[in-house]
Amino acid sequence: GASASRNVGRCEAGQQATMYDDLSVLLVTGALDLTVFLAAWAVASRWLASKRPSRGFRLRWPSHGDLAGIDNADAQLYLTFLSYMTVLFTALSAIGLSIALPLNLSGGDGAAARGGSLAAASVGNVAPTGWRMWAICALTWVYSVATYTCAWRLQVAARGGDQAAPTFEQQLANFTVMMRGLDATIVDPAVVRQRLEKFHAGHLVKCVVVRDSKKLRHADSALRSAEARLDRATAGTSQQSLHEEASYHAKVVQRELRQGVERSAGVCFIIFDSSEHAKDAVWEPRQRALAQEQGWSVFPAPPPSDIAWENLHVTDGSRGLRIAGTSMTLFALCVVVVSPVAVLGKVGPMIDGVQRALDTSATVHAAVASFLPPLIVWMINSVMVPFLIDYMTRFDRFWRKSEQQAAGLHMHTIFLVINSLLIPLTSLHSMGLLMDYMVSTTVDQWSTTLGASFLSSSGSFAIRYLVNCALLSGAFQLLQIPQTMHKFFVSVSAAAPVPGLAPLDPRWVFDFGFWYACSLSICFITLTFAVAVPLILPCGALFFWMKYNIDLHNFELGTYAVDLESHGTVASAAASYLLSAVSLMQFGASGLFAVRGGTDLTAASAPLASCAVVVWAMLLFRDGLAFVLPEHLRHQSGDAPVVYATQKQLMALQTAYVPPCESWGLQSSPCAARYGTV
């Protein structure tokens, strides 16, 4: 209680110190961030001029032609999402600055004299009665319709409606179905082929039974560790012992490769020469009856690069237990260890101590106290939470990479929205207090409670956080300092190359789940504050414009490796969260008008809350249905033109769905021993 009182007193003192100067502090913060970004741009441009003169970084307006050089469909969808967000928030900025901002500034409630420049530009400056609040309510519907339209277009793009043609891997997936629930003792594909041949005479190209190669992978991992230690060892007794250890593990790997695997992972891929037979294998009544009789689950296969082969043996029950355990663990860690408010509670006394030691002025103290909180929240959201979530999603052992990316998107989005929006907006000091506050407040009061929070907030923290995300994140992504250091470390410490094998790719894999979540958290913040603080809209437009250009630049340079073909799974999840963001805006705006407006305005704004609840209910029903139903029911059997595999596709299908450790020979397999080449 005493600590909370001190924190509240410190916050009130900081508000009094910055009340007259909030816009000046914002300008200083923006100037510092802009200086860092311009310096990073200059360094990156100078380096590219010496390496690739024709690939310098430049800012451009989003265009569909920019995606012509991007081969991966998920990368195209991600850039399409950023371009849609750029256009959306630019349009909303034009509306907000030309209509909403003049309404707030001329509101006549006297907030400018009491709350500073930013408060004068917020809805708190508008008188409770009068036509201005009705105009702002109408603008809320305009924002909603524009965002719903954008979410619909993104959903269409995720389903493939905006793609000129599917990628080569997606074409291969059209001829393949995946079977789960196969008896683990069946390792001969002829057993499965014999059951299905009568339905597809002459059209069944190949059956691939995925074998459970856990022992082989463990042996290969032990061999790689031993060889890495041998590479770093110096001459002497230790090198001799490591030499013997590496030799032993090499023999174990070769033995496992010779003996083969006696059990399957319960998964089989069935390849046809036409898309019609692949569809019939999933939806034709007789074949569905056979699958139910045998206990099989048959559904369209994902693209080959979307499969995490090492996780195919993990059952759905085991994965569910892992997901439940990691989710609870992550929540506990984020509450106890990486809660931004807990960190800020330690930083406040440090700033006070520095001020007393250096005898600085109140203005300098106010500037530092205003600059550090959003910077610390940005660092926590960009470094600590992503590391924890990435580790947790790997432990969950999803058998599709897109599912792992989607799980990361869900976790990142939830925690980013809580850390950077809900906790700062409600002025609470932890996730625990936020949960207690929600439980103690009746459900019918949530909307008005959220709306009242906008009246006491000028949006200064949110604007400074968005500026940090737009400029500081852009500077780090242009320079790629962590990845450059990682490449240098790998090049110095890597083992000798293996003859006949391509060297490992030192590039980092682009984490679609994390970067979608970062962008979606900005959507939540910008849309939630759009009605109350129209000045935040240009900051959101700036973020997405910078993000689009920087990520497009990195994709064109090949800075990241992209190994995902998800058929729009991750982009579809992002579209759902965009709907949740606009629903949160409607829900909070309804409470704002109920608190600030009269009886008539309260009744007129009630449909906003109703619309938000309906959208949330529909999203919850759809996601719950997709979670409960079997995998093959998530796919529709809509009419599509019959496509026959070309000779090139048939050749690729011979090896596309063969597990890596089975598709390569003993001498060229990455699972094979490379001992003797150290």
Only one of ALA541, ALA575, ALA617, ALA594 is over 21 Å from the mean Cα position of the chain (by Cα) and at pLDDT 85 or above, namely ALA617
Filter the range 454-466 for residues that are in a helix (DSSP H, G or I) and at pLDDT below 75; the one that is surrounded by the fewest Cβ atoms within 10 Å (Cβ to Cβ) is LEU455
Expected output for the range 222-240 (first residue at pLDDT below 70, partner open to solvent by less than 40 Å² (accessible area, probe 1.4 Å), Cβ below 6 Å, 6+ apart or cross-chain) is ALA233/LEU242
Scanning the range 161-192 residue by residue, those modelled with pLDDT under 80 and open to solvent by 30 Å² or more (accessible area, probe 1.4 Å) turn out to be GLY161, ASP162, GLN163, ALA164, ALA165, PRO166
Output for Cβ contacts, cut-off 7 Å, separation at least six or different chains, first residue at positive phi in the range 377-400, second at pLDDT 80 or above, reads ARG397/ASN311; ARG397/VAL314; ARG397/ARG319; ARG397/ARG322
Scanning the range 267-296 for residues that are closer than 21 Å to ARG211 by Cβ, surrounded by 20 or more Cβ atoms within 10 Å (Cβ to Cβ) and not hydrophobic (A, V, I, L, M, F, W, C) gives none
Checking ALA609, ALA604, ALA561 in turn, the sole residue that is open to solvent by 10 Å² or more (accessible area, probe 1.4 Å) and touching a strand residue (DSSP E or B) at 6+ places or on another chain (Cβ under 6 Å) turns out to be ALA561
Residues of the range 523-545 being closer than 14 Å to LEU472 by Cα and open to solvent by less than 10 Å² (accessible area, probe 1.4 Å), in sequence order, are PHE544
Take ALA496 and decide whether it is part of a loop (DSSP other than H, G, I, E, B) and at pLDDT below 80. yes
Matching residues in the range 43-84 (farther than 20 Å from ALA157 by Cα, open to solvent by 20 Å² or more (accessible area, probe 1.4 Å) and at pLDDT below 85) number 14
Scanning the range 282-328 for residues that are within 26 Å of ASP511 (Cβ to Cβ) and in a loop (DSSP other than H, G, I, E, B) gives ALA301, PRO302, PRO303, ALA308, LEU312, HIS313, VAL314
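The values are calculated or read from the model by the stated rules, or taken from the named source; none is laboratory data. Just so it is clear, the model here is predicted, and its values are computed rather than measured. We place every Cβ from the backbone using ideal geometry, glycine too, and count neighbours over all the protein chains shown. The protein model used for the area step is the full one, side chains on, heavy atoms only, and it has no ligands, DNA or RNA in it. Shrake-Rupley method; radii C 1.70, N 1.55, O 1.52, S 1.80 Å.
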